[in-house]
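J.: One structure is given below, represented as structure tokens, and several questions about it will come after.
The values are calculated or read from the model by the stated rules, or taken from the named source; none is laboratory data. The shown structure was predicted, so the numbers you read here are calculated from the model rather than taken from an experiment. Quick reminder, even Gly has a Cβ in these numbers, built from the backbone with ideal geometry, and neighbours come from all protein chains shown.
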Amino acid sequence: MAESGRLGDGFVVWDDRPADETSEITLRSGHRVTAYSYGTGPEVLFLLNGGPGLPSDYLRDPHVPLATEGFRVVTYDQLGTGRSDHPDDPALWTIERYVEEVEDVLAGLGLERVHFLGHSWGGWCGIEYALTYPARIASMILANTCADIPHLMAEIDALRGALGPETVAMMQRLEAEGRYDHPAYDAAVTLLDYRHIRRLPERPLPAARSKAGFNYPIYFAVQGPNEYHYIGSITSWRRLDRLHEFTWPVLIVNGRHDVLTPACGMRMKDAIPGAEIAIMANSSHSPFYEEPAAYRRRIVEFLNRHRLGG
């Protein structure tokens with residue numbers, strides 16, 4: 001992939017141009033977050049990126065080109081990341097507080113209804129947000145996410161098992177000792193990341209910027225030390241039994257090799273009336289980089305069918 005973010009045929013994979021509008025929003029807690037808007041018009045695609053603890057770059061930039069499809073693309077740096085405030089208060093890192101943060105952002109921007117795209121952690125928070133503030137949701141794309149963390153943990157155990165029993169035993173021993181920085185453990189996680197997070201030879205530049213700004217303590221508090229060992233506050237979260245409350249159109253996206261496996265996606269599809277699912281055959285957790293053209297065609301087709309203007 002070229003550093004310009006273009007494929008050989010001129011297809012724009014990502015666009016890192018400055019936002020058309022940048023806004024500072026004061027949360028009810030008094031903290032400030034920074035939001036970014038691209039394009040104009042009544043059809044708003046609101047992005048909530050994964051992590052938590054990552055700046056918005058990695059999800060924002062590959063979706064900015066959708067502004068040329070007639071959508072206003074809006075996202076923000078979650079508290080503790082990017083250009084937003086960076087408080088040092090562990091009590092802030094709960095899914096319940098993040099739900100209220102999203103509501104403060106949408107209200108602060110005057111956005112009454114949005115097409116909501118949540119990726120990974122952004123999907124978990126997005127599901128919780130939609131159950132709390134359903135009137136804000138026009139349609140929803142749940143990308144590389146799930147609604148049942150205990151089930152996901154069982155799926156991850158199977159992915160880890162493919163490394164072989166000796167490697168799994170090594171990982172379990174080092175996890176028990178809290179030695180997540182051990183070279184052998186790091187090597188195992190790196191291999192799993194290549195298989196199940198991003199099957200690319202290099203990290204795309206927007207993803208590299210997000211990684212450089214990673215606020216690890218937030219991630220550790222909510223999830224754990226990495227994508228394959230959940231010990232944070234999210235471990236018991238599950239909402240499958242409430243997804244029947246979703247009355248808006250929903251598209252679920254998974255990669256065939258996704259760390260949040262297609263089985264996780266199918267559980268959501270079965271629980272949401274009328275939901276659609278797209279399994280990207282050559283992707284893991286980042287189809288907007290791994291299969292950008294196919295990914296974009298699918299979500300644009302979905303969004304076009306469900307424009308607020310009909």
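J.: Could you count how many residues in region 263-301 are part of a helix (DSSP H, G or I), farther than 17 Å from GLU202 by Cα and either in contact with a Gly (Cβ under 8 Å, 6 or more places away or on another chain) or hydroxyl-bearing (Ser, Thr, Tyr) (or both)?
T.: Going through region 263-301 one residue at a time, the tally reaches 1.
The rows are residues; the columns are (1) part of a loop (DSSP other than H, G, I, E, B); (2) under 26 Å from ALA91 (Cα atoms).
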residue: PRO18; (1), (2): yes, no
residue: GLU24; (1), (2): no, yes
residue: THR40; (1), (2): yes, no
residue: GLY50; (1), (2): yes, yes
residue: ARG60; (1), (2): no, no
residue: VAL64; (1), (2): no, no
residue: VAL73; (1), (2): no, no
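J.: Right, next: Restricting attention to region 159-196, report how many residues are in a helix (DSSP H, G or I), in contact (Cβ under 8 Å) with a residue 24 or more places away in the chain and over 14 Å from ILE231 (Cβ atoms).
T.: Within region 159-196, residues that are in a helix (DSSP H, G or I), in contact (Cβ under 8 Å) with a residue 24 or more places away in the chain and over 14 Å from ILE231 (Cβ atoms) number 9.
J.: When region 206-253 is examined, which residues are found to be more than 20 Å from PRO150 (Cα to Cα), surrounded by fewer than 18 Cβ atoms within 10 Å (Cβ to Cβ) and among the polar types (S, T, N, Q)?
T.: Across region 206-253, the qualifying residue is only THR247.
J.: Scanning region 90-117 for residues that are part of a loop (DSSP other than H, G, I, E, B) and touching a residue at least 12 places away in the same chain (Cβ under 8 Å), which turns out nearest to ALA130 (Cα to Cα)? I'd like the intermediate steps shown before the answer.
T.: Initially, region 90-117 is screened for residues part of a loop (DSSP other than H, G, I, E, B), giving 93-94, 109-113.
From what is left, the residues that are touching a residue at least 12 places away in the same chain (Cβ under 8 Å) are 93-94, 109, 111-113.
On the way: TRP93: 19, THR94: 16, LEU109: 18, LEU111: 14, GLU112: 13, ARG113: 11 Å.
Looking at residues that are part of a loop (DSSP other than H, G, I, E, B) and touching a residue at least 12 places away in the same chain (Cβ under 8 Å), I get ARG113.
J.: Considering region 283-310 alone, what residues qualify as being touching a Lys or Arg at 6+ places or on another chain (Cβ under 7 Å) and either farther than 13 Å from SER139 by Cα or modelled with pLDDT of 95 or more (or both)? If you could, list the steps in order and put the result at the bottom.
T.: Narrowing region 283-310 to residues touching a Lys or Arg at 6+ places or on another chain (Cβ under 7 Å): 283-286, 289-290, 308.
Hits for region 283-310 are SER283, SER284, HIS285, SER286, TYR289, GLU290.
J.: Is there a residue being exposed (fewer than 14 other Cβ atoms within 10 Å of the Cβ) and among the β-branched types (Val, Ile, Thr) anywhere in region 187-194?
T.: yes
J.: Of everything in region 166-181, what is surrounded by fewer than 20 Cβ atoms within 10 Å (Cβ to Cβ) and either at pLDDT below 95 or not acidic (Asp, Glu) (or both)? Give them in sequence order.
T.: Correct list: THR167, VAL168, ALA169, MET170, GLN172, ARG173, LEU174, ALA176, GLY178, ARG179, TYR180.
Conditions (1) under 21 Å from LEU59 (Cα atoms); (2) in contact with a Pro (Cβ under 9 Å, 6 or more places away or on another chain); (3) charged (D, E, K, R); (4) in contact (Cβ under 8 Å) with a residue 60 or more places away in the chain, marked per residue:
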| residue | (1), (2), (3), (4) |
| --- | --- |
| ARG198 | yes, yes, yes, yes |
| ARG203 | yes, no, yes, no |
| ALA221 | no, yes, no, yes |
| THR235 | no, yes, no, yes |
| ARG242 | no, no, yes, yes |
| VAL253 | yes, yes, no, yes |
| THR261 | yes, no, no, yes |
| ILE272 | no, no, no, no |
| ALA281 | yes, no, no, no |
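Okay, residues lined up against (1) more than 23 Å from MET280 (Cβ to Cβ); (2) among the aliphatic types (A, V, I, L, M); (3) surrounded by 16 or more Cβ atoms within 10 Å (Cβ to Cβ):
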| residue | (1), (2), (3) |
| --- | --- |
| LEU106 | yes, yes, yes |
| LEU109 | yes, yes, yes |
| HIS115 | no, no, yes |
| SER120 | no, no, yes |
| GLU128 | yes, no, yes |
| ASN144 | no, no, yes |
| PRO150 | yes, no, no |
| GLY164 | yes, no, no |
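J.: While we're looking at this one, here's another question. Among the numbered criteria (1) within 21 Å of the chain's Cα centre (by Cα); (2) modelled with pLDDT under 95, which single criterion is violated by ILE95?
T.: Against the list (1) within 21 Å of the chain's Cα centre (by Cα); (2) modelled with pLDDT under 95, ILE95 comes up short only on (2).
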